[in-house]
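Structure first, then comments.
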Amino acid sequence: MTDETNKHGAEASKPAEDIVTPAEADVQDMFEDADEAAQAESEALEAARAEAADFRDRYMRLAADMDNLRRRTEREVKDAKSYSVAGFARDMLAVSDNLRRALDAIPADVRAGANAGLSTLIEGVELTERSMLSALERHGVRKLEPEGQKFDPNFHQAMFEIPNPDVPHNTVVQVVQAGFTIGERVLRPAMVGVAKGGPKVAAAAGEASAS
């Protein structure tokens, strides 16, 4: 009895704010559980955001790779269409060269005095040459016209030099064999003769601007 009395007396002697009732303890537990749940939910949300950002980054990289692949494929298909006839076009140019040699081999006086049969033959060969070059042009093969232009090793092949002080140095003055391009590539460089001994192009341009 004395112990029970002492116990109640000790509880009664505590300050009111230190006394926690079972109901208040339950409320505190509820708040603690809610805080823990909120923290867990926040962590889960951050993890989900990080995962979403990672997926988005992967998607963007994959989309960029697919776009690059599409462009590369389109370019390769275009090149295949443009340059697939390159080998055939080279062979046809050899035929065209032979036609041109045959025409150039006819002396001017023979051509001028040719009878009807020979004139018809010459015209037929010329027509065949023009038709062949026209057909090649429809497939992207174009003839170079280098005469009078500055020598360009990307498109021209120099066969000899011609001394000529009246023409700027390194100017194409004669075409030995026609050159051709296919698309943006050189199918066959033009074989040319270039001027030697004339004024430099840069110097000539400078004098023109000074005057």
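From the list ALA105, ALA53, the lone residue that is farther than 20 Å from VAL141 by Cβ, surrounded by 10 or more Cβ atoms within 10 Å (Cβ to Cβ) and free of Cβ contacts under 8 Å to residues at least 24 places away in the same chain is ALA53. Report whether or not PRO168 is at pLDDT below 95, outside the structural domain of ARG101 (by TED's automatic domain parsing), surrounded by fewer than 16 Cβ atoms within 10 Å (Cβ to Cβ) and more than 35 Å from the chain's Cα centre (by Cα). So PRO168 does not fit the description; no. For segment 83-125, filtered to residues that are in a loop (DSSP other than H, G, I, E, B) and of a type in the set (A, V, I, L, M, F, W, C), the residue that is nearest to THR181 (Cα to Cα) is VAL85. A count restricted to segment 126-141 and to residues that are within 25 Å of the chain's Cα centre (by Cα) and not charged (D, E, K, R) stands at 3. When the criteria are applied in full, ALA89 meets the requirement of being surrounded by 13 or more Cβ atoms within 10 Å (Cβ to Cβ) and touching a strand residue (DSSP E or B) at 6+ places or on another chain (Cβ under 6 Å).
Scanning segment 126-147 for residues that are under 21 Å from VAL176 (Cβ atoms) and assigned to a helix (DSSP H, G or I) yields GLU126, GLU129, ARG130, MET132, LEU133, LEU136. Out of segment 72-121, which residues are farther than 25 Å from ALA190 by Cβ and in contact with a helix residue (DSSP H, G or I) (Cβ under 7 Å, 6 or more places away or on another chain)? Across segment 72-121, the qualifying residues are ARG111, ALA114. Of all residue pairs spaced 6 or more apart or on separate chains, those with beta-carbon atoms under 7 Å, a first member in segment 80-97 that is outside the structural domain of THR181 (by TED's automatic domain parsing) and a second member that is among the acidic types (Asp, Glu) and surrounded by 14 or more Cβ atoms within 10 Å (Cβ to Cβ) are SER96/GLU129. Annotation note: of GLU137, GLU123, GLU145, GLU129, the sole residue that is crowded, with 16+ Cβ neighbours inside 10 Å and either without any contact (Cβ under 8 Å) to a residue 40 or more places away in the chain or of a type in the set (S, T, N, Q) (or both) is GLU129.
The values are calculated or read from the model by the stated rules, or taken from the named source; none is laboratory data. The model shown is predicted, which means the values in this text are computed figures rather than measured ones. Reconstructed Cβ throughout: ideal geometry from the backbone, glycine too, with neighbour counts over all protein chains shown.
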